[in-house]
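Below: one structure, written as structure tokens.
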Amino acid sequence: MEQGAHSLIELLETIADNKYVLGDRLVEVGVSGPNLEATLSAIAMAQGELGHARLLYNWCFDLKGVKGKKPDIQAQTGKAFQTAVNVQNWISLIASLYAINAAIDIVFQTVLKTSHSKVASRIQKLVREQHDHIIYAENWAKQLLLDQGAVPYRFQEALREAAEEAKAWLAKVEKSEELKKEGYFPETPSFTEKFEKRLQQLNAEQLVQAK
């Protein structure tokens, strides 16, 4: 397999694994959401995340040359972030949902701007649907940051952990010479910088609302 294709598969499997795990956690934790609306939204988003994961896994099978019916996905390939795997409550769920999808969005938005029209056509719908998930997580993040007692601190800690892992992945991806050579990214992608700006904007908006 060409190195460029191998690097693309690794990228897609990492994203798919995270979406697979997030979909699972949105069901497990979402059923105990803070209110009925949050629970229903979590279940709906779970279907979306699992659908995105299935799309990306099937794309990987195509790149690997798998013919005919695609294998059923029974588990992630082991590339999901630990913060996603370890989600156990609403606070860590929202932190991981926001940080991971924000990081994925930054990568895919860059890919959409390249000359790879076939690649772009595969992810356009996913990116649009993912945008709604990010908005949902962002709105909940703001609510948790403005909550009472220990909730804001606990959320900040959960978000910090999720963001650190997502940022480390972005730093690795933006250094991929194979993906640059294949034209998926510009010569000097600024994924980590864009990610930091998103986090700073979230905190800035929270401070303005708190006044």
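The values are calculated or read from the model by the stated rules, or taken from the named source; none is laboratory data. What you are looking at is a predicted structure, and each value in this text was computed from that prediction instead of being measured. Don't worry about glycine lacking a Cβ; one is built from the backbone with ideal geometry, like all the others, and counts go over all protein chains shown. What goes into the accessible areas is simple: the full protein's heavy atoms, side chains included, and nothing from ligands, DNA or RNA. Shrake-Rupley method; radii C 1.70, N 1.55, O 1.52, S 1.80 Å.
By how many nm would the segment from residue 181 to residue 131 lengthen if fully extended, with 0.36 nm per residue of separation less the alpha-carbon distance? Present the calculation step by step, with values, prior to reporting the outcome.
Values: separation 50, 0.36 × 50 = 18.00 nm, distance 2.81 nm.
Difference between extended and current length: 15.2 nm.
Judged by the mean number of other Cβ atoms found within 10 Å, the most tightly packed of the peptides 27-40, 45-58, 135-148, 177-190 leads the ranking 45-58, 135-148, 177-190, 27-40.
Checking (1) 50; (2) 45; (3) 37 against the coordinates, the calculated percent of Cα pairs over 25 Å apart falls under label (3).
So what is the relative contact order of region 1-70, in percent, for Cα pairs below 8 Å that sit 6 or more residues apart? Display every interim value, and only then the final one.
Values: 57 pairs, mean separation 27.2, N = 70.
For region 1-70, the relative contact order is 39 percent.
What dipole magnitude, in Debye to the nearest 20, does region 1-126 give about its Cα centre under +1 on Lys/Arg Cβ and -1 on Asp/Glu Cβ?
Numbers: 12 positive and 11 negative charges, 95 e Å.
That gives a dipole near 460 debye.
Based on C-alpha pairs under 8 angstrom that are at least 6 apart in sequence, the chain has a relative contact order of 23 percent. Computed from Cα atoms, the angle from the helix 3-28 axis to the main principal axis of the chain rounds to 30 degrees. Surface composition of region 55-130: carbon and sulfur atoms hold 49% of the protein heavy-atom accessible area at a 1.4 Å probe.
Between the listed residues 162, 195, 123, the Cα displaced farthest toward the positive end of the dipole of region 69-211, a dipole computed from Cβ unit charges relative to the Cα centre, is found at 123. Compared with the dominant Cα axis of the chain, that is its longest principal axis, helix 90-112 is turned about 40°. Positive-end ranking of 176, 59, 94 along the dipole of the chain, with charges on Cβ about the Cα centre, is headed by 59.
Where does helix 191-210 land angle-wise versus the long Cα axis of the chain, in degrees 0 to 90, nearest 10? The helix 191-210 is inclined about 20 degrees to the chain.
Just the accessible area per residue of the chain, please: how many Å² with a 1.4 Å probe? Walk me through the numbers before you get to the answer.
On the way: 10720 Å² over 211 residues.
Per-residue value: 51 Å².
Given Cα pairs under 8 Å that are at least 6 residues apart, what percent is the relative contact order of region 19-143? Once divided by the residue count of region 19-143, the mean separation gives 26 percent.
Can you give the charge dipole size of the chain about its Cα centre, rounded to the nearest 20 debye, using +1 on the beta carbon of Lys and Arg and -1 on the beta carbon of Asp and Glu? List each step's numbers first, then the result.
Numbers: 25 positive and 27 negative charges, 92 e Å.
The dipole of the chain has a size of about 440 debye.
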